[in-house]
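Encoded as structure tokens, the structure appears first; notes follow it.
The values are calculated or read from the model by the stated rules, or taken from the named source; none is laboratory data. Just so it is clear, the model here is predicted, and its values are computed rather than measured. As a convention, Cβ positions derive from the backbone with ideal geometry for all residues, glycine included, and neighbour counts pool all protein chains shown.
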Amino acid sequence: MNRRTFLQTTAATAVAAAAGLPARAADPLKVGFIYVGPIGDMGWSYQHDQARQAIAKEFGDKIVTTYVENVPEGPDAERALTQLALEGNQLIFATSFGFMDATVNVAKKFPKVKFEHATGYKRADNLATYDARFYEGRAIQGTIAGRMTKSNKIGYIGSFPIPEVVQGINSAYIHAKKVNPDVEIKVVWAYTWFDPAKEADAAAALIAEGCDVIMQHTDSTAPQAKAQEAGNVITFGQASDMAAFAPMPRVTSTIDNWEPYYKKRVAAMLDGSWTSESTWGGIGTGMVKIGEISSAVPAEVKAEVEALEAKIASGEYHPFTGPLNKQDGSAWLAAGATPDDGTLAGMNFFVEGIKAELPK
Amino acid sequence: MIRLVKRPVPSKAWSWATPLIAVLATMIAGGILFAALGKNPVEAIRVIFWDPLFGPNAGYFRGQLLVKAAPLILIASGLAVGFRAGIWNIGAEGQYIIGAICGAALALAVYPTESAWLFPAMVILGALGGFLWGLIPALLKVIFGTNEILVSLMLVYVAQNLLAYMAFGPLKNPEGYGFPGSRNLQQYASAHNPELIMGTGAHWGVVAALIAVIGAYILMHRHIAGFRIRVAGEAPRAARFAGVVPARLVVFCLGLSGALAGLAGLFEVSGPSGQITDSFNAGYGFTAIIVAFLGRLHPIGILLAGLLMALTYIGGDMAQLMLSLPSAAIQVFQGMLLFFLLGFDLLTNYRVRIGRARA
């Protein structure tokens, strides 16, 4: 084929080649994915791959999907993305925050290819961003934690002190406190998204300090296993359902459900209506799903959180509703006020009442 | 009965043949692995070894080969000098990180001042950072007799935590909406280590890697210092009689390998990577140890080994993409390479005798 010899030189010709390759009607749409972890991490990358498989099934022979897993952030990601674009993928999902600048660079080189970057904030005409409102799930978890804790100590395994994680800690604390004014929250920073050994250590330390609820913003099931050993500690599935640990310690879960979004975007590619936009979906759009609430949760608590879930889904209730103060006591939201998405996306402070210190 | 008989002198022929045999054995064993996974083994090997060099789009991948190989070669060249002398720097990963932090910190501190002096100053700071980080295990060894393997390795974890601290703290992009990671140096002209000729992948790190190979060759094979280093590794007592000061040698080897690793980190952070992030280090410092041994601790060998290693990475990614091989299988494949190399190394020092042992 001509196109092969064409591609033999440099990124500059690659651009030309990509531009010269409009999909013929009969050609299936090629959709590529890069994952930061292994698809078997049972958490973040696993959920993205589940969604990939779902769209592959949904669209049948209209699309072909490929993926590269375990891609380190940085130049390797840039190469993997370029590889996907050179292979003729027309829609490429970069599914980790750390892929941001690499995606921006590659998107510049391949203006005809559409890119989608998860959890980032840089967009271009052919680069859209998408993220989920995980803090909505934390509101459910916080309520259950506040109701069920006996020691009034909630342990939280944080991954990195970035806005997404800070939102989760704040949301969990606000809702636990609402139903149980004596509750306190202890935070351990694991500085990793996925490291079973570190996560297990963090869980063990929190349990030793008397926490009987463990929340995690890391992806492995190691904290679940530690809680199971301890016996009377409850946990929540993170990213995936982690149903293997139900009914105890895992009492419910926050599931990242990328399927509806991926379906929508692929459909938009197929009918030519794809545009670059920033999507931040929550329980309402199905991007955040609450896993089955197990039998370990008392019936009245279950009813309470189901009502809360419905109110969040309908938009009637925002998990960050004033009056709320910042940790240092300064006012943040007036009674009844809710923050705009820009403020939330850059959240870099704890709310009043949390004693843990946020690393700067 | 198979017996091993020690050779009086290590075989020269075998020492050059074993890497080739190891590569072949890896291809065969890897082929079996890929076949067991239900893939066509010949196709898989072709995708990994052939396509990045001569397949479609090879123009892009050949450049990427240089990008991937340059830090490996640069670091391995330094490590090999120490390994020859029996001084084991396992902490190049840490020196790589510190070099990157030092150089990038200067650029970020003076941002957005444009100056022709900035990049050279960053290069010097990068080398200096790696040098000083390498000096820690050296001085501890010289003064307190600590084991440099352990100390240099442990310092990797210290460096990693320092990196995370920098990415979330002092070096964080003030315009990054609170997200971790520094400004991108690719967008800062004076600090950027760009592709020197568009499309070739060649940046200053590639140039430095080539200079390091030539420099190491002259040092080790054309200079009295290299002779002393080699003697020190092969016959420490003899070296002492010949006037080699062990302490000076330790400082020299760890300092040199540290400086080169620091340089590699600096070229990476100012070029292909662009940013200080908590996951900036991609394991080059550890992989370079494999490269050093795969290249027989010889500068030219290291050059070839670095390119080969880079090829398995790039080809491995391609195999994932085109044949949907799991990345774990690719990692097993890379592991096999080292395993076979060390395994066949036996033949350099031993003869295999088949038959009954005679008294």
Fill in the blank from the handout: When restricted to B:115, B:15, B:11, the only residue polar (S, T, N, Q), farther than 28 Å from residue B:217 by Cβ and touching a residue at least 40 places away in the same chain (Cβ under 8 Å) is B:115
Practice task
Would you mind listing the helices (runs of 4 or more DSSP H) fully within the range A:35-114 where at least 2 residues are at the interface with chain B (Cβ under 8 Å from one of its Cβ atoms) and charged (D, E, K, R)?
Solution key: A:75-86
Handout entry: Meets criteria (in a helix (DSSP H, G or I), polar (S, T, N, Q) and modelled with pLDDT of 90 or more) for residue B:287
Key = yes
Completion exercise
Those residues of the range B:182-218 which are within 14 Å of another protein chain (Cβ to nearest Cβ) and either under 16 Å from the mean Cα position of the chain (by Cα) or of a type in the set (Lys, Arg) (or both) amount to B:183, B:205, B:206
Handout entry: Residue selected from the range A:323-360 under the condition of a type in the set (Ser, Thr, Tyr) and in a loop (DSSP other than H, G, I, E, B), by the criterion nearest to residue A:171 (Cα to Cα)
Key = A:338
Practice task
Select from the range A:124-157 the residues that are in a strand (DSSP E or B) and closer than 17 Å to residue A:354 by Cβ and list them in ascending order.
Solution key: A:153, A:154, A:155, A:156, A:157
Exercise for the section: Given the conditions (1) more than 20 Å from residue B:114 (Cα to Cα); (2) part of a helix (DSSP H, G or I), report the number of the one that residue B:269 does not fulfil. Expected result: (1)
Problem - Check on residue B:259, farther than 18 Å from residue B:208 by Cα, touching a Gly at 6+ places or on another chain (Cβ under 7 Å) and either crowded, with 24+ Cβ neighbours inside 10 Å or more than 14 Å from every other protein chain (Cβ to nearest Cβ) (or both) - result: no
Problem - Of all residues in the range B:133-181 being at the interface with another protein chain (Cβ under 10 Å from one of its Cβ atoms) and polar (S, T, N, Q), the one that is farthest from the chain's Cα centre (by Cα) - result: B:161
Practice task
Could you check, for the range A:286-307, whether at least one of its residues is among the hydroxyl-bearing types (Ser, Thr, Tyr), within 14 Å of chain B (Cβ to nearest Cβ) and either closer than 29 Å to residue B:180 by Cβ or touching a residue at least 40 places away in the same chain (Cβ under 8 Å) (or both)?
Solution key: no
Practice task
Take the residues in the range A:222-252 that are in contact (Cβ under 8 Å) with a residue 24 or more places away in the chain and in contact with a Pro (Cβ under 8 Å, 6 or more places away or on another chain), then tell me which one is surrounded by the most Cβ atoms within 10 Å (Cβ to Cβ).
Solution key: A:227
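Evaluate the following for residue B:244: is it closer than 24 Å to residue B:120 by Cα, of a type outside the set (Gly, Ala, Ser), away from chain A (no Cβ under 14 Å) and in contact (Cβ under 8 Å) with a residue 12 or more places away in the chain?
Considered against the rule, which asks whether it is closer than 24 Å to residue B:120 by Cα, of a type outside the set (Gly, Ala, Ser), away from chain A (no Cβ under 14 Å) and in contact (Cβ under 8 Å) with a residue 12 or more places away in the chain, residue B:244 comes out as no.
Okay, residues lined up against (1) in the same structural domain as residue B:58 (by TED's automatic domain parsing); (2) surrounded by 24 or more Cβ atoms within 10 Å (Cβ to Cβ):
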{"residue": "B:269", "(1), (2)": "yes, yes"}
{"residue": "B:273", "(1), (2)": "yes, yes"}
{"residue": "B:282", "(1), (2)": "yes, no"}
{"residue": "B:291", "(1), (2)": "yes, yes"}
{"residue": "B:295", "(1), (2)": "yes, yes"}
{"residue": "B:305", "(1), (2)": "yes, yes"}
{"residue": "B:345", "(1), (2)": "no, no"}
{"residue": "B:352", "(1), (2)": "no, no"}
{"residue": "B:355", "(1), (2)": "no, no"}
